[in-house]
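Inspection log for the structure reproduced underneath, given as structure tokens.
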Amino acid sequence: MLDVVRRFCEVRWVTRVAPKVVPPVDLLAHRLTGGRVVPTRLFMRTVVVTSTGHRTGLPRRHPLVAHRDPDGSFLVIGSNFGQPHDPAWVTNLIRTPEATVEWQARTIPVRASRLTAEEKAAARADILRVLPMYDTYARRAAPRDIPVFRLTPADPPPRAT
């Protein structure tokens, strides 16, 4: 199934239309079902990240393909379907790295850090596992370097004693 999705997502017209259609549909379904349904989850591991808008300061929600590491952190990939520019959420996380991730009916406070080239190379297998069309998107986006972020769960607040 993932191979069919990969081939479909590599078609040029899909990569032009998808950024305008897929996120709004995912967010609408997520909102209408109280967070139970995100259509992209039928094909790929997806989380909803809430970041702070870098211009407005308002919360901005983004459905993102993600890999969950055993340590509880998430990798999210700013491929923007291979477009020549970064998605808006990338700038949001750079300016304000504190965000939340909605995962399995839980909201997890996280802190974002952009992976270095070396860290991205080390995470390559995980990136390709969740976004098998990554290399195609990277070629199309060139010379833009597709950013990958690690979203690390924030420390829980101290307990009152």
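All of the numbers you see were taken from the coordinates with simple rules; none came from a lab. Quantities reported herein were computed from a predicted structural model and do not represent experimental measurements. Positions of Cβ are backbone-derived with ideal geometry, glycine not excepted, and every protein chain shown enters the neighbour counts.
Normalised by 2.2 N^0.38 Å, where N counts its residues, the alpha-carbon radius of gyration of segment 105-152 equals 1.29. Amide H to amide H distances under 5 Å link residue 154 with 110, 111, where only residues 5 or more positions off or on other chains count and H is placed in the peptide plane.
A simple count of charges around residue 53, restricted to other residues whose Cβ falls under 11 Å of its Cβ and scoring Lys, Arg +1 and Asp, Glu -1, yields +4.
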